[in-house]
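The structure under discussion appears below in the form of structure tokens.
The values are calculated or read from the model by the stated rules, or taken from the named source; none is laboratory data. Values in this document were obtained by computation on a predicted structure and should not be read as measured data. For the accessible areas, the whole protein counts, side chains as well, though only heavy atoms, and no ligand, DNA or RNA atoms are used. Shrake-Rupley method; radii C 1.70, N 1.55, O 1.52, S 1.80 Å.
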Amino acid sequence: MDGLFITFEGCDGCGKTTQLELLAQYLKDKGFDVITTREPGAKGLGVKLREILLNYDGEVSSNCESFLFLADRAQHIDTIVKPAISEGKIVLCDRHIDSTVAYQGYGRGLDLQQINYLNNLATGGLKPDLTLLFDVDTQTSMQRVGKNQDRMESAGIAFQEKVRHGYLELAKAEPERIKVLDSRKTIQQLHQEVLAIFAGLN
Ligand code: TYD
């Protein structure tokens with residue numbers, strides 16, 4: 001039996017990682033076989049790509065940036081996500097295809113159709129069963145990130161606003177897959193909402 005593929009998305013500082021960990025713990029306690037993973041940089045080659053993507057301080061063209069995220073995705077899907085799903089595991093993934101649409105498409109202004117095409121190439125057509133989008137206003141997002149910013153986080157407020165807008169457009173276009181949660185709620189309230197959405201799957 002195939003497992004489940006659930007992705008967690010949102011702007012920097014939206015609280016998705018905390019919710020991913022809470023859901024993982026809940027599911028493990030219930031006896032499910034769960035793995036947690038992330039993009040970019042789950043392991044091996046991905047960790048090297050993440051290091052470049054987040055810390056390289058020279059010029060990086062938007063196309064190059066996209067291809068690096070996509071290279072990480074292809075490696076991650078082929079070596080970690082697909083094998084786990086075919087073993088019947090529940091895969092909880094911190095960021096995936098929608099990050100590239102939101103950040104490189106809406107944020108950097110690259111062509112959305114091309115990003116979709118490249119995403120599809122990188123994943124071999126696999127799509128998440130469910131995506132949880134944690135929506136947060138840009139000011140709160142930047143406050144939570146603080147002063148210690150990586151290359152993507154330091155792209156500026158206008159960039160982050162475009163990313164947020166992009167995510168909300170994606171959710172409008174695919175309401176069945178992408179569920180929007182309001183990150184202003186408390187950690188526990190959000191966790192309960194995540195559980196309710198999970199229970200509604202299938
Ligand atoms: P990370 O430290 O994982 O951020 P967070 O904790 O907010 O998830 O850094 C990932 C950064 O890379 C984040 O700013 C979003 C960005 N990103 C893209 O721009 N495109 C992508 O396809 C992915 C997966 C991430």
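See the values below:
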{"quantity": "Pairs of lysine residues in the range 26-129 - Cα separation under 19 Å, sequence separation of 8 or more or cross-chain", "calculated": "6"}
{"quantity": "Span from the the range 1-78 Cα centroid across to the the range 112-157 one, whole angstrom", "calculated": "10"}
{"quantity": "Full-extension gain in nm, Asp78 to Ser61, via 0.36 nm per residue minus C-alpha separation", "calculated": "3.5 nm"}
{"quantity": "With every protein chain in place, the range 4-199: carbon and sulfur % of accessible area (1.4 Å)", "calculated": "51"}
{"quantity": "Solvent-accessible heavy-atom area per residue, rounded to whole Å², over the chain at 1.4 Å", "calculated": "50"}
